[in-house]
1. With the structure loaded, tell me whether Y193 is under 30 Å from D31 (Cβ atoms) and either at pLDDT below 85 or surrounded by 15 or more Cβ atoms within 10 Å (Cβ to Cβ) (or both) or whether it fails that test.
2. Residue pairs, Cβ under 8 Å, 6 or more apart or interchain, first in region 58-84 and within 10 Å of G44 (Cβ to Cβ), second buried (at least 21 other Cβ atoms within 10 Å of the Cβ) and aromatic (F, W, Y). List them.
3. Please find, within region 116-152, the residue that is modelled with the highest pLDDT out of those that are open to solvent by 80 Å² or more (accessible area, probe 1.4 Å) and touching an Asp or Glu at 6+ places or on another chain (Cβ under 8 Å).
4. Quick one: is A36 within 15 Å of D182 (Cβ to Cβ) and aliphatic (A, V, I, L, M)?
5. For T162, work out the one condition from (1) closer than 26 Å to R84 by Cβ; (2) among the hydroxyl-bearing types (S, T, Y); (3) in contact (Cβ under 8 Å) with a residue 60 or more places away in the chain it doesn't fulfil.
6. Going by the conditions given, is T155 of a type in the set (V, I, T) and open to solvent by less than 30 Å² (accessible area, probe 1.4 Å)?
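The values are calculated or read from the model by the stated rules, or taken from the named source; none is laboratory data. Note that this is a predicted model, so its numbers are computed, not measured. So basically every Cβ, Gly included, is an ideal-geometry build from the backbone, and we count neighbours across all protein chains shown. Remember, those area values only see protein heavy atoms, side chains included, never the ligands or the DNA or RNA. Shrake-Rupley method; radii C 1.70, N 1.55, O 1.52, S 1.80 Å.
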Amino acid sequence: MTTRTNRALRLAACAGFLLFGVGCATFELDDHHSFADWYVGDPGFDGAFGTKTIYAERPAIYGHFRLPEVVFQPVGGLHYPRRRVNTDRGQAAAMEAWEKAQRTGQAVQYQRETTVVGGHEKSFWFDTIDAGVIEIVPYRLWASDASAGEKVVYTLLQPGVTLVNACMTFVRAPIYAYLDVDKLLSVPVALLYYGSEEEE
């Protein structure tokens, strides 16, 4: 795509954003290699903002809209999807940095340490942020490789986890609704963008 065409498309997207509050999705066009890749996007709350932390494909069951995922999140099926999480040491460093920042009033740099976990490992972050509210029935937990004792304990704690998830739904739902509408209205710009790239 020529620089002039690219600039014109971005200008149109910015005008749409300023006038109608839409067009943010066009700022991710450079991060994807095709229209389909852009439209499908990456799974999870982080994926909605262009950060890949879940290594799985988003199923087409909802037409790749995000809002229905607050009720039922199909990624991973019966199992937790592979995902990047903070290690225990990384979480401790983050907490220490946060506490120091609270004391000093200044931002504190720390070394973020992450690891990729498989689909059989339970994740509080996934359960509270990415999972659907329907997961008050902890079917992923019972399909995991946790011990029988852990499964019983976590099942008893699941209503509390689901309550946190439900509270987060009030945050995710309006954001996901906006992102869905924004992406839908950005489709013509995306088609032009990727169509122009193919012509070159």
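1. On the way: under 30 Å from D31 (Cβ atoms): yes; either at pLDDT below 85 or surrounded by 15 or more Cβ atoms within 10 Å (Cβ to Cβ) (or both): yes.
Taking the combined requirement at face value, the residue satisfies it.
2. Close Cβ pairs satisfying both conditions: P81/F126; R83/F126.
3. Once the filter is applied, the top-ranked residue is D145.
4. Taking the combined requirement at face value, the residue does not satisfy it.
5. For T162, the failing item is (3).
6. no
Listed here are the residues, each with its yes/no results for (1) of a type in the set (D, E, K, R); (2) part of a helix (DSSP H, G or I); (3) in contact with a strand residue (DSSP E or B) (Cβ under 8 Å, 6 or more places away or on another chain); (4) open to solvent by 30 Å² or more (accessible area, probe 1.4 Å).
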{"site": "T162", "(1), (2), (3), (4)": "no, yes, no, no"}
{"site": "M168", "(1), (2), (3), (4)": "no, yes, no, yes"}
{"site": "V171", "(1), (2), (3), (4)": "no, yes, no, yes"}
{"site": "I175", "(1), (2), (3), (4)": "no, yes, no, yes"}
{"site": "D180", "(1), (2), (3), (4)": "yes, yes, no, no"}
{"site": "L185", "(1), (2), (3), (4)": "no, yes, no, yes"}
